[in-house]
1. Assess whether Ala368 counts as being in contact with a helix residue (DSSP H, G or I) (Cβ under 8 Å, 6 or more places away or on another chain), among the small types (Gly, Ala, Ser) and more than 30 Å from Pro296 (Cβ to Cβ).
2. Considering only segment 307-363, state which residues are under 28 Å from the mean Cα position of the chain (by Cα) and basic (Lys, Arg).
3. Can you name the number of the only condition in (1) touching a Gly at 6+ places or on another chain (Cβ under 6 Å); (2) loosely packed, with under 14 Cβ neighbours inside 10 Å; (3) hydroxyl-bearing (Ser, Thr, Tyr) that Ser99 fails?
4. Here is a list: Leu272, Leu278, Leu260, Leu249. Which entry is crowded, with 16+ Cβ neighbours inside 10 Å, on the phi > 0 side of the Ramachandran plot and touching a residue at least 60 places away in the same chain (Cβ under 8 Å)?
5. Residues of segment 179-231 being charged (D, E, K, R), modelled with pLDDT of 95 or more and exposed (fewer than 15 other Cβ atoms within 10 Å of the Cβ), which ones?
6. Looking at segment 287-315, I want the residues that are farther than 15 Å from Ala257 by Cα and have a partner that is modelled with pLDDT of 95 or more and of a type in the set (Lys, Arg) with Cβ atoms under 6 Å, at least 6 apart or on another chain. Which pairs are those?
7. All but one of (1) buried (at least 20 other Cβ atoms within 10 Å of the Cβ); (2) of a type in the set (S, T, N, Q); (3) within 27 Å of Gly131 (Cα to Cα) hold for Thr75; state the number of the condition that does not hold.
8. Can you list residue pairs whose Cβ atoms sit under 6 Å apart, with the first residue in segment 218-243 being at negative phi and touching a residue at least 40 places away in the same chain (Cβ under 8 Å) and the second being surrounded by 18 or more Cβ atoms within 10 Å (Cβ to Cβ) and charged (D, E, K, R)? Count only pairs 6 or more apart in sequence or on different chains.
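The values are calculated or read from the model by the stated rules, or taken from the named source; none is laboratory data. Here the structure is a predicted model, which means the values were calculated and not measured. Cβ: placed from backbone, ideal geometry, glycine included. Neighbour counts: every protein chain shown.
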Amino acid sequence: MATIAILGTMDTKGEEHAFVANLLKQRGHQTLVIDVGALGEPTLKPDITRRVVAAAAGVDFDALVSRRDRGETVTAMSRGAPIVLARLVAGKKIDGVISLGGGGGTAIGTAAMRALPIGFPKVMVSTLASGNTAQYVGVKDIVMMPSIVDIAGLNRISRLILTRAAGAICGMVEFGVPALAGPDRLKAGPQTDKPIIVASMFGNTTDCVQAAKKILEAAGYEVLVFHATGTGGRTMESLIESGMVAGVLDVTTTEWADELVGGILGAGATRLEAAAKLGVPAIVTPGCLDMVNFGPPETVPSKFKGRNFYQHNPQATLMRTTPEECAQLGKIIAKKLNDSKGPVSVLIPKKAISVISAPGQKFHDPVADQALFAALKQNLRRDIKVIEVDCEINDPRFAEACASALLENMK
C-alpha cells in the first residue's frame, strides 16, 4: 500500500480531488491531501493546510488572503508547495503525487513536481496540457494529462478522465522498476544496478563519447548520454542534482557558446554547476565551443552578418565563435569549475574541439582555439588538473584520456 499526495486548490477543485481520492482509496492506497487554495473554505479536508504551505514560502497567510490578489497567491503557493512536497519525499512520507488544475493550479502543481527527483511518480491533469508545456514540465518527468473539459465539477467526461488519471498514478506507484532487462529482470534487485555516469554529446563529438563510453562500461559503469541541445544539458544537470550520478563525462560544453552569444541551444546560466556543487567527480572538455547554433539561414539575426557560417543541415546553421567570444567562454567555464567541491579535470584536444574545427575544415581557427585554451588555463583554480592532448577531439587517444581521467577522479 502506497501513500499518494493529492495537491490542489481544495476550495475551487475540492470535489474533483475528492473523486480522485476515493478512487485511490478503493485501490487500497492511502492519500495525503495538500491544500494550496486561498479563496474560499476547502471542500475537501486537507492533511496539510494552506497556512502550512504559505509558511513554507515565508508568507503571512492572513495578509496574503486580505489582499485577494490571485497572481500573488499563485506565486506564493508556487514557492511553498515545492518545499512542502520535497520534504515529504525526503522523509519517505509519500510515494507519488497527483494534482488537478486550470492555469493557477497547474502552475502550483507543476512547480511542486519539478522539485522532485526524476523517477518519482507525478501526474498533472490540466486544462493546459494540450499546448506548449515546456514551462510546466521543465526537465522533469511530469506526466501531463489533458482534462478535455474544464475542471469545474463532475460530469461524464471529467469522471472518465479523472478515473484514467487515478489509474495512471496507481500504476506508477505499484509498478517497480526492474534493475536488469531480459530474463533476469524479475529476480534482480537494486544492488545489481551499476553506478551511473552521465555524458554530453553532439554530432561533432559522437566518436569521442562513444569510444569513452565503451571504456567506462567495461569498467563497470552505466553511461547515460545527453544531446547537448539546451534541453539535454538542463536534463543532465537535473539528474546530477538528484544524487543518482557517480561521475560526469562532460565532453560537449557547447551549450555555453549559445548561452553567451545568443544561439538557440543555450542550457541556462546554471550549466556546469550541479557536479561542482555536489562534489561529483567530473572531467570537462571544451567540446564544440567553436559553434553557435541557429535554425535555417533566414533565422540568423542580422547583427551576425559577415560571420563564418556552416550549414549543418537545412534546419541548422552553425556560426564560428570569435577569439573574443572564446576568451569569454574560457573564463566562464573556469569560473564554474572553480566552485567544484569534488575532483574535476579539464582535458584539451589541442588540434580540434569539433569535427569542423580540424585543419582544413570550415571552422579551423587556431587563434580562436588558443584564446579559449589560454583563458581556461589562466582562470582555473591552481589545483584543478589540466591535461592537454596533442590530437583532435574525436581521436581515440583523446577518448581514452577522458575515460582514464574520469576513472581516476572517481577513485
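1. No: the conditions fail for Ala368.
2. Arg320, Lys331, Lys335, Lys336, Lys341
3. Looking at each condition in turn, Ser99 falls short on (2).
4. Leu272
5. Selection gives Lys214, Glu217, Glu222.
6. Tyr310/Lys362
7. If we test Thr75 against (1) buried (at least 20 other Cβ atoms within 10 Å of the Cβ); (2) of a type in the set (S, T, N, Q); (3) within 27 Å of Gly131 (Cα to Cα), just (1) comes out false.
8. Ala228/Glu255
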